[in-house]
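Trainee: First, the structure itself, so that you have it in front of you.
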Amino acid sequence: MPKSMSFCLAFTAVAIFSAALPAKQSARPRSEDGQTVSRTAKPEDTELWQPAPRVVTPGAEYGAPPSDAIILFDGKNLDQWVSSKDKSPAKWMVASGVVTVNKAAGDIETKRKFRNYQLHIEWRVPENVTGSGQARGNSGVFLAATGPDDGYELQVLDSYENQTYVNGMAGSIYKQSIPFVNPTRRPGEWQIYDVVWTAPAFGGDGSLKSPAYATVFFNGVLVDNHFELKGVTRYIGQPYYREHGAAPIRLQAHGDPSPPISFRNIWVRELD
Ligand code: MG
């Protein structure tokens, strides 16, 4: 095609495209989806300038705590944690920036209590893990520990090529939700949970005003989306709600015989 002709075609195409663009917005009233816009309406009428979201400095890289996070474990000590059974200092092992479950010592929980929050927590099943099903790297994050053996458990388990009931695999709200997908990395690699927890609300007379919800990203992949919980986790029987207030976050020392798992980089942002 001669150069002049191709230029001509291109010019025509631009002209047609330009004609198809909407004309400059006029000040005349117009109807959108059956709504009449007032003759005096201005764009500024629907602009909100207050309250301005406060400034938060994000972590330098993904997973690093932002400036408003409460650090629950930064690799140094368990000052933010106690033993669940008697509230004595937590007795899990801290070494090389990592805390490893001490199965004999039992669960640990935060000294602080929380309602609604965003949680970041990383966990690793050891490379030499043994066992199968629920007896392979089992632990858990109780998103609200509502009693010595009570709470809402986000399951931790080696779910890399390890079959079990799907509402009990990693990423499940134990025996309640089935994760959308299974993004588990192989044993020996770090796994990441990012959780948005909405605590249940109660009427003061024991009645449930609104249920708990959990949104979970597992290794950056959405596995539970605003999942409505039916109550506290039950190993046997159906979940149910019992009134409670702010609650600690608890980590599970599961009694299965497989080598203990580890956690690192745990932080939370309160949302209320
Ligand atoms: Mg568990």
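Trainee: Can you list the strands (runs of 3 or more DSSP E) found entirely within region 208-272 that contain at least 3 residues being closer than 30 Å to Glu61 by Cβ, without any contact (Cβ under 8 Å) to a residue 60 or more places away in the chain and touching a helix residue (DSSP H, G or I) at 6+ places or on another chain (Cβ under 6 Å)?
Mentor: none
Trainee: Let me ask something else about it. Residue by residue through region 157-173, note down the ones that are surrounded by fewer than 22 Cβ atoms within 10 Å (Cβ to Cβ) and either in a loop (DSSP other than H, G, I, E, B) or within 14 Å of the ligand (Cβ to nearest atom) (or both).
Mentor: Tyr160, Glu161, Asn162, Gln163, Thr164, Tyr165, Asn167, Gly168
Trainee: Has region 73-95 got at least one residue that is surrounded by fewer than 16 Cβ atoms within 10 Å (Cβ to Cβ) and closer than 23 Å to Leu271 by Cβ?
Mentor: Yes, region 73-95 contains at least one residue that is surrounded by fewer than 16 Cβ atoms within 10 Å (Cβ to Cβ) and closer than 23 Å to Leu271 by Cβ.
Trainee: Given the residues Pro211, Pro248, which is the only one that is over 14 Å from Gly140 (Cα atoms) and away from the ligand (no atom under 16 Å from the Cβ)?
Mentor: Pro211
Yes/no matrix, rows are residues, columns are (1) modelled with pLDDT of 95 or more; (2) buried (at least 18 other Cβ atoms within 10 Å of the Cβ); (3) more than 13 Å from the ligand (Cβ to nearest atom); (4) of a type outside the set (Asp, Glu):
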| site | (1), (2), (3), (4) |
| --- | --- |
| Asn182 | yes, no, yes, yes |
| Ile192 | yes, yes, yes, yes |
| Thr198 | yes, yes, yes, yes |
| Gly206 | no, no, yes, yes |
| Phe218 | yes, yes, yes, yes |
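Trainee: Right, something else. List the strands (runs of 3 or more DSSP E) inside region 69-120, counting only whole elements, that have at least 2 residues being touching a Lys or Arg at 6+ places or on another chain (Cβ under 8 Å).
Mentor: Answer list for region 69-120: 70-73, 81-83, 98-100, 108-110.
Trainee: Looking for whichever is farther than 23 Å from Val232 by Cα, within 13 Å of the ligand (Cβ to nearest atom) and surrounded by 15 or more Cβ atoms within 10 Å (Cβ to Cβ) here; the options are Val125, Val141, Val129. Which one fits?
Mentor: Val125
Trainee: Let me ask something else about it. Mind counting the residues in region 136-156 that are part of a strand (DSSP E or B) and aliphatic (A, V, I, L, M)?
Mentor: Residues meeting the conditions: 3.
Trainee: Within the set of pairs 6 or more residues apart or between chains, which connect a residue that is more than 13 Å from Ala135 (Cα to Cα) inside region 146-163 to a residue that is more than 16 Å from the ligand (Cβ to nearest atom) and assigned to a strand (DSSP E or B) with Cβ atoms less than 7 Å apart?
Mentor: Thr146/Ala247
Trainee: Are there any pairs, at least 6 apart or on different chains, whose C-beta atoms fall under 7 Å, with the first in region 120-142 and of a type in the set (Asp, Glu) and the second more than 15 Å from the ligand (Cβ to nearest atom) and part of a strand (DSSP E or B), and if so, which?
Mentor: Within 7 Å, the pairs are Glu122/Trp190; Glu122/Ile192; Glu122/Arg264; Glu122/Asn265.
The values are calculated or read from the model by the stated rules, or taken from the named source; none is laboratory data. If you're wondering where the values come from, they're calculated on a predicted model, not measured in any experiment. So basically every Cβ, Gly included, is an ideal-geometry build from the backbone, and we count neighbours across all protein chains shown.
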